[in-house]
Amino acid sequence: MKQQVYALYQKMFQKMGPQGWWPADSKEEIILGAILVQNTNWQNAAISLENLKMVTDFSSFQIANLSVAQLQALIRPSGFFKNKSQAIHEIFTWLLAFDGDFFKVRSYYGENLRDQLLTLHGIGPETADVLLLYVFDLPVFVADSYARRLFTQLGTPQLHNYQALKKLVNLNDFTLAEAQEFHGLIDEFGKEFLKKNTFNRSFLRDYKINLRQE
């Protein structure tokens, strides 16, 4: 299975090239984007990000010290602003306990970092894995909707939820850069061929992986 998943990554990279994900200039911006894009599109999230940048310059201290009213007003374009404002405030307050040092956070929690992230408000399995991958620099697999649709198309059955695929795929043979690239490739492939229901015209149409049989 490991070899087939890595071969899939190589095939996608050869055909599609580097994707440059996650689109951000700082880890703080990645955290904000990962929360703001929940249940909306990137265009709406980007408006909220620009509002936050103008006021805080993505400083962890400045973000954590915004009032509830200020934060909600700034992120209103991304929707669900009450829930997202609570999530943003909680995670940045948590980070400030480590002086905003992501390496300190990773070193302190070790293998329990994902479990800790999941205790924070508004951080579910997908967002936790995005943060592990792009903020805390751990080569983990993000089993988002595009990934589940892709592996289903490739022949892996019964991928009903996030955890169903997550437990089938590990990226132990991937470097961090490869793991980050793999997620970007899957999502860009999804936008081009899965969202438009044109998988049968894609370069992966004859590629098969059944993870449950390996």
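The values are calculated or read from the model by the stated rules, or taken from the named source; none is laboratory data. All figures in this text were calculated on a predicted structure; none of them were measured in a lab. No Cβ is skipped: glycine too gets one built from the backbone with ideal geometry, and neighbour counts run over all protein chains shown. The area values use the complete protein model at the heavy-atom level, side chains included, leaving out ligands, DNA and RNA. Shrake-Rupley method; radii C 1.70, N 1.55, O 1.52, S 1.80 Å.
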Original post:
Does Val142 fit the bill of being β-branched (Val, Ile, Thr), in contact (Cβ under 8 Å) with a residue 40 or more places away in the chain and either closer than 29 Å to Ile209 by Cβ or part of a helix (DSSP H, G or I) (or both)?
Top reply: yes
Original post:
Hey, any hits in the range 2-11 for a residue that's farther than 25 Å from Phe136 by Cβ and charged (D, E, K, R)?
Top reply: yes
Original post:
Across the range 7-22, what is the number of residues that are loosely packed, with under 12 Cβ neighbours inside 10 Å, among the small types (Gly, Ala, Ser) and over 21 Å from Leu131 (Cβ atoms)?
Top reply: 1
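Inside the range 55-66, can you point out the residues that are open to solvent by 50 Å² or more (accessible area, probe 1.4 Å) and free of Cβ contacts under 8 Å to residues at least 12 places away in the same chain? It would help to see each step written out before you state the result.
Narrowing the range 55-66 to residues open to solvent by 50 Å² or more (accessible area, probe 1.4 Å): 55, 57, 61-62, 65.
Matches in the range 55-66: Asp57, Gln62, Asn65.
Return the total of residues in the range 8-23 being in a loop (DSSP other than H, G, I, E, B), on the phi < 0 side of the Ramachandran plot and touching a residue at least 24 places away in the same chain (Cβ under 8 Å).
Counting residues in the range 8-23 that are in a loop (DSSP other than H, G, I, E, B), on the phi < 0 side of the Ramachandran plot and touching a residue at least 24 places away in the same chain (Cβ under 8 Å) gives 4.
Given the criteria open to solvent by less than 10 Å² (accessible area, probe 1.4 Å), over 30 Å from Lys82 (Cα atoms), modelled with pLDDT of 95 or more and touching a helix residue (DSSP H, G or I) at 6+ places or on another chain (Cβ under 6 Å), does Leu204 qualify? Break it down into steps so the answer makes sense when it comes.
Numbers: open to solvent by less than 10 Å² (accessible area, probe 1.4 Å): yes; over 30 Å from Lys82 (Cα atoms): yes; modelled with pLDDT of 95 or more: yes; touching a helix residue (DSSP H, G or I) at 6+ places or on another chain (Cβ under 6 Å): no.
So Leu204 does not fit the description; no.
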**OP:** Go over the candidates Gly184, Gly190 one by one and state the one that is closer than 19 Å to Tyr6 by Cβ and part of a helix (DSSP H, G or I).
**Re:** Gly184
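Looking at the range 73-86, can you tell me whether even one residue there is among the β-branched types (Val, Ile, Thr), on the phi < 0 side of the Ramachandran plot, in contact with a Ser or Thr (Cβ under 9 Å, 6 or more places away or on another chain) and modelled with pLDDT of 95 or more? Show your work before the answer.
To start, the set of residues in the range 73-86 that are among the β-branched types (Val, Ile, Thr) comprises 75.
Applying the additional criterion that residues be on the phi < 0 side of the Ramachandran plot yields 75.
The next check asks that each one be in contact with a Ser or Thr (Cβ under 9 Å, 6 or more places away or on another chain); those that pass are 75.
Keeping just the survivors that are modelled with pLDDT of 95 or more gives 75.
Looking through the range 73-86, at least one residue is among the β-branched types (Val, Ile, Thr), on the phi < 0 side of the Ramachandran plot, in contact with a Ser or Thr (Cβ under 9 Å, 6 or more places away or on another chain) and modelled with pLDDT of 95 or more.
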Original post:
Taking interchain pairs and intrachain pairs at least six residues apart, which have beta carbon atoms under 7 angstrom, with the first residue in the range 36-54 and hydroxyl-bearing (Ser, Thr, Tyr) and the second surrounded by 13 or more Cβ atoms within 10 Å (Cβ to Cβ)?
Top reply: Thr40/Ser78; Thr40/Gly79; Ser48/Leu36; Ser48/Leu74; Ser48/Ile75; Ser48/Pro77; Ser48/Ser78
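Is at least one residue of the range 126-133 in contact with a helix residue (DSSP H, G or I) (Cβ under 9 Å, 6 or more places away or on another chain), under 17 Å from Ile30 (Cα atoms), surrounded by fewer than 16 Cβ atoms within 10 Å (Cβ to Cβ) and among the aliphatic types (A, V, I, L, M)? Before the answer, list the steps.
Going through the range 126-133, the residues in contact with a helix residue (DSSP H, G or I) (Cβ under 9 Å, 6 or more places away or on another chain) turn out to be 126-133.
Still in the running and under 17 Å from Ile30 (Cα atoms): 126-133.
Next, only the ones that are surrounded by fewer than 16 Cβ atoms within 10 Å (Cβ to Cβ) stay: none.
No.
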**OP:** Among residues belonging to the range 137-156 that are surrounded by fewer than 18 Cβ atoms within 10 Å (Cβ to Cβ) and small (Gly, Ala, Ser), point out the one that is nearest to Phe199 (Cα to Cα).
**Re:** Gly155
